[in-house]
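A quick write-up on the structure given underneath.
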Amino acid sequence: MFKSKHSTRSGEFVEVNSVNLSYPVPNISMRGKEKLKKLSNVDKLPGSKKFGAIETNRNTNIQALRDVSFNMPAGSTTALIGLNGSGKSSLLKVMGGILSPTEGTVEMSDLPTGIFSLKQGLRMEASGYRNILLRAIVMGKTDAEVKERMPLITKFSELDHYLEMPLSAYSSGMIMRLVFSVMVAFQPKILLMDEWIGAADEDFREKVSEWLVNFCESNGILLLASHTVSLLRKTCQNGIVLHQGAVACNDDLEVAIKAYRALRAKHSSEK
């Protein structure tokens, strides 16, 4: 069950309590199941059906998250690290209310702002200005709120005349500028970010890093999933390492990076 509750306690907080997430993957061949088992634990339930040499199982489940628990008080800056397929995006989507956990709860002092996909809520044929409005609507904002903050959005994005052009003319880095600038304008308190920030050019990455530092100094909460260690070191103090959907390490950032690199080395040696 997902809960986003306004608490009587002072300051922002996030509490993830024994979260599990599983989902069915229908009609997988036996060869496909063996590949999945190498990536994560697959629960094979009864009900298989055979078609010639290929066996499928309508009840094959992937468990994306396993008993994940951690707390983040006000001012927390936490890196979410793990190999591809470790559950990082699944966890962020559960915390953002996009996915409902199979078991467990997520409790927060305020609704989070999440950036999980650069193109979520955007239209490639529409102008940058139009897409600012569309992105803000996805965030639950009104036309009046967008109009009030439009000067701040345009200034932070530095997109200038490109905002009059359709998004189809934008690079990934320019789309990232637009999306991040909309988020900045509405001053989030809890920020969940997936590893899309690498699309930006170096100058804007520096600008984002500076903003994130100021955001956390003002007691905001940041959970940032990325493989870019230099960015994590600039913006995060703590680190959570996910491995096969479970928390393998929750510690100081350098301890977490070391644990992640050990897992990566082990994974590479087993290939």
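What to note about this one:
- Taking the conditions (1) open to solvent by less than 70 Å² (accessible area, probe 1.4 Å); (2) touching a Phe, Trp or Tyr at 6+ places or on another chain (Cβ under 6 Å) in turn, residue 220 satisfies each one other than (2).
- Of all residues in region 87-99, those satisfying the criterion of being open to solvent by 40 Å² or more (accessible area, probe 1.4 Å) and either on the phi > 0 side of the Ramachandran plot or not hydroxyl-bearing (Ser, Thr, Tyr) (or both) are 93, 97, 98, 99.
- Long-range neighbours under 8 Å by Cβ, at least six apart or interchain, first residue surrounded by 14 or more Cβ atoms within 10 Å (Cβ to Cβ) and at pLDDT 95 or above within region 250-270, second part of a helix (DSSP H, G or I) and of a type in the set (A, V, I, L, M): 250/256; 251/259; 253/232; 257/229; 257/232
- In the set (1) among the β-branched types (Val, Ile, Thr); (2) part of a helix (DSSP H, G or I); (3) without any contact (Cβ under 8 Å) to a residue 24 or more places away in the chain, the condition left unmet by residue 98 is number (2).
- Filtered residues of region 97-111 (kept if among the small types (Gly, Ala, Ser) and modelled with pLDDT of 90 or more): 100, 104, 109
- Residue in region 159-172 that is outside any helix (DSSP H, G or I), free of Cβ contacts under 8 Å to residues at least 40 places away in the same chain and under 30 Å from residue 71 (Cβ atoms) present: no
- Filter pass, residue 107 being of a type outside the set (A, V, I, L, M, F, W, C), closer than 27 Å to residue 247 by Cα and touching a residue at least 12 places away in the same chain (Cβ under 8 Å): yes
Rundown of residues vs (1) among the polar types (S, T, N, Q); (2) more than 25 Å from residue 95 (Cβ to Cβ); (3) open to solvent by 30 Å² or more (accessible area, probe 1.4 Å); (4) touching a helix residue (DSSP H, G or I) at 6+ places or on another chain (Cβ under 6 Å), yes/no style:
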position: 124; (1), (2), (3), (4): no, yes, yes, yes
position: 129; (1), (2), (3), (4): no, yes, yes, yes
position: 139; (1), (2), (3), (4): no, no, yes, no
position: 147; (1), (2), (3), (4): no, yes, yes, no
position: 160; (1), (2), (3), (4): no, yes, yes, no
position: 184; (1), (2), (3), (4): no, no, no, yes
position: 195; (1), (2), (3), (4): no, no, yes, no
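- Hits in region 71-86 - residues which are open to solvent by 10 Å² or more (accessible area, probe 1.4 Å), modelled with pLDDT of 90 or more and over 22 Å from residue 214 (Cα atoms): 83
- Of the numbered criteria (1) closer than 13 Å to residue 78 by Cβ; (2) crowded, with 17+ Cβ neighbours inside 10 Å, the one residue 204 fails is (1).
- Strands (runs of 3 or more DSSP E) (entirely within region 199-257) containing at least 1 residues that are charged (D, E, K, R): 246-252
- Positions within region 100-116 being open to solvent by less than 50 Å² (accessible area, probe 1.4 Å) and under 26 Å from residue 210 (Cβ atoms), in sequence order: 108, 109, 110, 112, 113, 114, 115, 116
The values are calculated or read from the model by the stated rules, or taken from the named source; none is laboratory data. Here the structure is a predicted model, which means the values were calculated and not measured. Glycine also receives a Cβ, built like all others from the backbone with ideal geometry; neighbour counts cover every protein chain displayed. We work out accessible area using only protein heavy atoms, side chains counted, and drop any ligands, DNA or RNA first. Shrake-Rupley method; radii C 1.70, N 1.55, O 1.52, S 1.80 Å.
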